[in-house]
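Please treat every number below as a calculation from the coordinates, not as lab data. None of these values were measured; they are calculated from a predicted model. All Cβ positions, even for glycine, are placed from backbone atoms using ideal geometry, and neighbour counts span all protein chains on display.
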Amino acid sequence: MLAASGLECVRGERTLFSGLSFAVAPGAGLLVQGANGAGKTSLLRIAVGLAPPAQGHVTWDGRPIRTLGEAYRREVLYCGHPNALKDDLTAVENVRAAAALAGRSITTAAARGALAQVGVAAAAELPVRSLSQGQKRRAALARLALGGARLWVLDEPLAALDASGVEWLAAAIDAHLAAGGMALVTSHQSLATRGALATLKLGA
Amino acid sequence: MSGGALAAAIGVLRRDLLLAMRRKSDALAPVFFFVVVASLFPLGIGPEPDLLRRIGPGVLWVGALLATMLSLARLFASDYDDGTLEQMALSPEPFVGLVAAKVTAHWLVTGLPLVVVSPVLALQYGLPADTIAVLAASLVLGTPVLSLVGAIGAALTLGVRGGGLLVALLVLPLYVPALVFGAGAVDANLAGTGAEAHLSLLGACLVIAAFFAPWAIAAALRIALE
């Protein structure tokens, strides 16, 4: 279970949020909403441990993520704003490289299977450079289909996705939560998951 | 290092080598620069064998050093821009190992070709065969030091505007020991005093850099990502 208490985030002179607390229990998801610049991405980066909060702390199963380190990172899958894809590699090579980085080496067939699930099977062997924005986003989200992480942290996953992509993602989050996983998602659009996600409004 | 850590590091190494093969022009730019710089000096100075032999070791070493510098700007920048660096920092495997893999890939793509072409370039300076062997040996030991120390500078200036100039100012002074011992080894061989002492010192530089640099690079990258 992911819990945060008394989080404060300061960017330059500005305090984006302070005294922010929330908890995500197994099987639950949290949708973070807020205007541009409200600190959604900053919050997610604090939650995965990329940036330290100015105040407060984040815990995983009751222990601070700072001290857990690699044990926590093994449980987390983070999809940031950039797609983390290499333009010169094919989609399959990208998925394999991402899986190896996450400590789970996979075969080419498994990478192709994951890409088929997100609907870019036809473009699996093309350099990512030649894919459309939406296809790139789908290829980046193919990591979700590989499984293994208990906590998904997704920053604007719907950006550039078409209607069927949004539908696939909602179903994937549903299945992940049903299996006892957790999700922390930011989005400007509504995400039609089966059980509505709890909402956290920033800057309200 | 556990099996998973090694597998992840090899994954990073493979990916970087694959990327270098896909973008050959980027990968070969430093070695072309080295060839051009090292060839301009004999053309500019003219047929003066004694002078060329005197300046050869220094010019070749400075050329290798500047060629390595050229490639530093791209070392982490593309990974930083496309989010791959974030994913590396969030990997459950040790970040230091992944960083070491990246520097190894950088040396294989940039440093090793410099070593390979150096004997041919040394011929233009009329260096004798055994001196050329010492030059290649000094570069084998020295270019990994250039990659490791340069990567610290590249990591520290990541995301800074005008980072290219800054990295030169930051890294060039740190390259001085490698330059002194490397070019010194070749000079010593030319003078007939034996290059072992210089090469040993250069080897010591390599051991120290290989041990400490990955930690410094990893720490600098984490700060850049915050």
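Taking amide H as placed 1.01 Å from N in the peptide plane, the amide H of A:Gln55 sits under 5 Å from that of A:Glu8, each at least 5 places away or on another chain. Across the stretch A:63-204, Cα pairs under 8 Å and at least six residues apart give a relative contact order of 25 percent. Expressed as a whole percent, the proportion of Cα-Cα pairs in the protein assembly as shown lying more than 30 Å apart is 50%.
The amide H of A:Gly181, built 1.01 Å from its N in the peptide plane, has A:Gly27 as neighbours under 5 Å, considering only residues 5 or more places off or on other chains. Only DSSP H runs of four or more residues enter the estimate; each adds -39500 (n - 2.57), and after division by the residues of chain A the mean residue ellipticity at 222 nm equals -9500 deg cm²/dmol. Nearest 0.05, what FRET efficiency do A:Arg63 and B:Ser200 give at R0 = 56 Å with Cβ-Cβ as r? Computed FRET efficiency for A:Arg63 and B:Ser200 comes out at 0.70.
In degrees between 0 and 90, to the nearest 10, how far off the longest principal axis of chain B does helix B:163-191 point, with axes built from Cα atoms? It works out to around 40 degrees. Here the extension length gained between B:Leu40 and B:Ala7 equals 7.5 nm, from 0.36 nm per residue of separation less the Cα-Cα distance. The distance linking the stretch A:41-115 with the stretch B:1-73 is 33 Å (Cα centroid to Cα centroid, whole angstrom). If you sort the three axes of the alpha carbon gyration tensor as a ≥ b ≥ c, you get a/c of 1.5 or more for the stretch A:45-124 and a/b above b/c, which makes it prolate.
When you look at the Cβ of every residue in A:81-90, what mean number of other chain Cβ atoms sits within 10 Å?
Across A:81-90, the average partner-chain Cβ count within 10 Å equals 5.
Tell me, what is the FRET efficiency for A:Glu8 and A:Thr107 to the nearest 0.05, using R0 = 51 angstrom and their Cβ-Cβ distance as r? Once rounded, the FRET efficiency stands at 0.70. Among the residues of B:108-117, the average count of other protein chain beta-carbon atoms within 10 Å of the residue beta-carbon is 0. With 0.36 nm allotted per residue and the present C-alpha distance subtracted, the B:Val176-B:Ala210 stretch has 10.5 nm of extension available. With both labels modelled 7 Å from their Cα along Cα-to-Cβ, the B:Leu123 to A:Ala198 distance reads 7.4 nm. Peptide B:80-90 has a mean of 6 when you count, residue by residue, the C-beta atoms of other protein chains within 10 Å of its C-beta.
Both radii come from the Cα set of the stretch A:78-149: Rg as radius of gyration, Rh as Kirkwood radius; their ratio Rg/Rh reads 0.91. The spread of Cα positions in the stretch B:3-225, taken along each principal axis and listed from longest to shortest, comes to 56, 32, 29 Å. Among the lysines of the protein assembly as shown, pairs that are 8 or more positions apart or on different chains and have alpha carbons within less than 16 Å of each other number 4.
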